[in-house]
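Chemist: Structure in structure tokens, see below.
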Amino acid sequence: MIKVALPIMHGQKIILRPPKSADVEQRLSLGANREYHYQFADDTTIMLSKEELEKRWFEEAVAYPDETTRLKADQHVAQIEADEQWIGSATLNNIDTRHRRAEMTLGIYNREYQGAGYGTEATRLMLDYAFNHLKLHRAGINILLSNQRSIVAAKKVGFSFDGLSRDYFYLSGKWIDSVRLVILEDEFQRRYADSQTAR
């Protein structure tokens, strides 16, 4: 698997960018939130060590890839910055250039920035990158059925219901259903035809 970091992209309130060394300490300072991680289908890495975070952010991802490497990558990751501090991360996974599709994940880990539009803006920038830079046709996201906040947020950006994935996540010893939402490139372009997103 080839994993690369997104180029720097500016929104009104946030910046999507490769990782910085200060991100690790800022992430660790936020502590563990088991309920939050569970809602994002992660009950195994509730709290990564400093060494694990550094490996994940600085060793596994190519920070400034050339265009050939970028086009071959099947995972593109971004760190989310607001007010000059790290607040979360976003990823395009399972990128399939032949069928022009990808899966998306995004999390705002800093509670002070949750529910205030930062995740919405990050999602728009990620989709802009997916459709206008990578030239994908379809982006999907799987969300726990119980995570209504994220479902509402995804619909607000333009995702629509695509189906129910039964027993999609295995968490805390039991199977959990997932809601699948999808947005297509033409839907995104129509919705944001007049917006000035980063190119």
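The values are calculated or read from the model by the stated rules, or taken from the named source; none is laboratory data. This one's a predicted model, so the numbers in the text were calculated from it and none came from an experiment. Here the Cβ is made from the backbone with ideal geometry for all residues, glycine too, and neighbour counts use every protein chain on show.
Chemist: Could you please tell me which pairs satisfy a Cβ distance under 8 Å, a separation of 6+ or placement on different chains, a first residue in region 1-28 that is under 19 Å from H76 (Cα atoms), and a second residue that is surrounded by fewer than 19 Cβ atoms within 10 Å (Cβ to Cβ) and of a type in the set (S, T, Y)?
Modeler: I2/T69; V4/T69; A5/Y64; G11/T197; P18/Y64
Chemist: Any residue in region 125-133 that is surrounded by fewer than 18 Cβ atoms within 10 Å (Cβ to Cβ) and of a type in the set (A, V, I, L, M, F, W, C)?
Modeler: no
Chemist: Those residues that are modelled with pLDDT under 90 and basic (K, R), I need them from region 64-106; list them, please.
Modeler: Matches in region 64-106: R70, K72.
Chemist: Let me ask you something else. Can you name every one of the strands (runs of 3 or more DSSP E) wholly within region 85-177 that holds 2 or more residues which are touching a residue at least 40 places away in the same chain (Cβ under 8 Å) and of a type outside the set (V, I, T)? Walk me through it before giving the result.
Modeler: Numbers: elements: 85-96, 101-108, 138-144, 160-171.
Counting at least 2 such residues, we get 85-96, 138-144, 160-171.
Chemist: Please work out which residue is farthest from Y109 (Cα to Cα), limiting yourself to region 1-60 and to residues that are of a type in the set (G, A, S) and at pLDDT below 65.
Modeler: So the first thing to find is which residues in region 1-60 are of a type in the set (G, A, S), and the list is 5, 11, 21-22, 29, 31-32, 41, 49.
Still in the running and at pLDDT below 65: 31-32, 41.
Numbers: G31: 10, A32: 10, A41: 14 Å.
The extreme case among them is A41.
Chemist: Can you tell me which residue is modelled with the lowest pLDDT among those in region 141-159 that are buried (at least 18 other Cβ atoms within 10 Å of the Cβ) and closer than 16 Å to L125 by Cα?
Modeler: A153
Chemist: May I pose another question? On the basis of being assigned to a strand (DSSP E or B), among the aliphatic types (A, V, I, L, M) and either modelled with pLDDT under 95 or in contact with a Leu (Cβ under 7 Å, 6 or more places away or on another chain) (or both), does I183 make the cut?
Modeler: yes
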